[in-house]
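What follows is a short report on a single structure.
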Amino acid sequence: MPKLEWRSILALLTAGLIVSTRSPIGAPSIGDAVASASANIADDLSAGPHLGFDTFAYPGDDAMHAWATADKPYRWVGYYLSAPCHSDSSWEGKRETLSSMGWGMAVIYVGQQTWGRTPGQKVAITRYITKRVRQVKTRNGKRVVSYVNKRVPLRVLVAPRASRGSSCSTQFVNAARGTDDANDAIAKTAAEGFANGTVIFLDVERMEAVPRAMRDYYEAWTKRVIEDGRFRPAYYAHSFNADQIYGDVKQVLAAAGVSTDPPFWIASERGFAIDKAPTEVGHAFAQVWQGLLDVVETHNGVRLPIDVNVAQLPSPSEVYPGGE
């Protein structure tokens with residue numbers, strides 16, 4: 001069972017002590033408050049599902065406080081680390097602030113993506129070359145031969161390269177980069193102050209087919225996170241690819257002696273409702289279900305563009321049952 005965290009107790013105490021005018025009211029004894037908080041947290045962990053949202057950039061402290069105290073019970077939020085394919089760093093440094101407001105969190109690392117291409121596959125491009133061309137003209141009844149230089153198109157196959165200075169490219173989808181990106185995710189999660197055992201969701205966007213290079217990438221990422229030992233590997237994936245990714249990483253975990261299922265955050269709009277359990281997305285290993293994409297909601301006067309999710313736990317990254 002997960003241990004009781006003081007941030008959860010403080011959040012519950014705060015909710016009981018502050019009214020809409022922000023004036024304090026009579027407080028219960030600390031002993032009563034702790035007992036009540038323990039009971040509520042136990043209920044939270046068993047009740048579910050727990051509503052959460054994610055959005056690209058940090059909305060700001062005032063906005064997060066407004067949503068934390070709104071009627072609609074969003075309990076947790078996606079916490080984006082700066083990553084190869086998510087250059088925004090606005091969430092970083094906000095863990096303690098969000099925790100003090102009572103927010104649960106799901107740590108997200110957007111690694112390399114295929115973007116509909118096959119890593120390493122040659123592509124046809126047009127290049128122009130200068131070619132000496134023979135010309136024949138008739139002058140005064142005589143044939144006159146001359147040569148001129150012309151630029152002519154030529155189709156060639158080339159191995160694509162990442163753009164200069166880019167950190168996110170199909171050409172970076174390989175095992176070596178998987179290890180490097182795992183080290184980056186580990187370092188940034190630790191720098192944010194997340195406790196050992198925190199789950200890091202590697203974001204793998206939808207693919208029509210999962211190429212071998214991508215499988216090498218996320219398998220190497222998984223292996224490195226396990227080897228480091230401080231955090232737990234987890235995965236954001238579309239339902240279309242989830243079984244393939246699950247089967248691959250399950251083998252990596254088994255080889256390392258880990259018998260429990262890795263947490264999966266599944267994206268699928270089909271059949272979604274905020275009162276459904278994550279497993280109702282159609283995958284028994286789903287811990288989180290993302291089912292509404294690119295919607296706009298307003299709570300306590302604050303309007304935000306979000307994706308809507310339900311999770312098995314109120315803080316998908318910070319509280320995860322089981323172990324190795």
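How long is the gain from Val295 to Thr260 if the chain were fully straight, where each residue apart is worth 0.36 nm and the alpha carbon distance is subtracted?
Between Val295 and Thr260, full extension yields 9.2 nm more.
Taking only protein heavy atoms into account and a 1.4 Å probe, give the accessible area per residue of the stretch 163-261 in Å².
43 Å²
Between Ile274 and Phe56, what length in nm is gained on full extension when 0.36 nm per residue of separation is reduced by their alpha carbon distance?
Extra length from Ile274 to Phe56 when fully extended: 76.4 nm.
Going toward the positive end of the dipole of the stretch 165-310, with +1 on Lys and Arg Cβ and -1 on Asp and Glu Cβ, which of Phe272, Tyr235, Ala209 do you reach last?
Tyr235
What order do you get for 252-258, 101-107 when each peptide is scored by the mean count of other beta carbon atoms within 10 Å, highest first?
Highest-to-lowest ranking by the protection proxy: 101-107, 252-258.
Taking amide hydrogens as modeled 1.01 Å from N in the peptide plane, which residues meet the under 5 Å criterion relative to Val107, leaving out close sequence neighbours?
The answer is Tyr79, Phe201, Ser317.
Show me the ranking of peptides 220-230, 290-300 by mean Cβ neighbours inside 10 Å, starting with the highest.
220-230, 290-300
Relative contact order of the stretch 141-297: what whole-number percent is it, with Cα pairs under 8 angstrom and at least 6 residues apart?
Computed over the stretch 141-297, the figure is 18 percent.
What does the charge dipole of the stretch 222-314 about its Cα centre add up to, to the nearest 20 debye, if the Cβ of each Lys and Arg holds +1 and the Cβ of each Asp and Glu holds -1?
Around 260 debye, computed over the stretch 222-314.
Modelling each spin label as a point 7 Å along the Cα-to-Cβ direction, I'd like the Asp228/Lys131 distance in nm, to one decimal.
Inter-label distance under the simple model: 5.4 nm.
Pick out, in residue order, every one of the GluC sites (Glu not before Pro) in the stretch 171-209 that is DSSP loop and has at most 12 other C-beta atoms within 10 Å; say none if there are none.
Passing both the DSSP loop test and the Cβ count: Glu208.
Mind listing the phi-derived Karplus ³J(HN,Hα) values for the stretch 189-194, rounded to whole Hz, using 6.51, -1.76 and 1.60 with θ = phi - 60°, and x for any glycine or proline?
Each residue's phi maps through the Karplus curve to give 5, 5, 5, 6, x, 6 Hz.
Output ³J(HN,Hα) for the stretch 71-76: one whole-Hz value per residue in order, computed from phi by the Karplus curve 6.51 cos²θ - 1.76 cosθ + 1.60 with θ = phi - 60°, and x for Gly and Pro.
So the J values, rounded to whole Hz, are 5, 5, x, 5, 10, 9.
Let me know the charge dipole size of the stretch 141-298 about its Cα centre in debye, to the nearest 20, where only the beta-carbon of Lys, Arg (+1) and Asp, Glu (-1) is charged.
With Lys and Arg at +1 and Asp and Glu at -1, about 1600 debye.
The values are calculated or read from the model by the stated rules, or taken from the named source; none is laboratory data. These numbers come from a predicted model, not from an experiment. For neighbour counting, all protein chains shown are included, and Cβ atoms are generated from backbone atoms with ideal geometry for every residue, glycine included. Quick note on the areas: whole protein, heavy atoms, side chains included, nothing else; ligands and nucleic acids left out. Shrake-Rupley method; radii C 1.70, N 1.55, O 1.52, S 1.80 Å.
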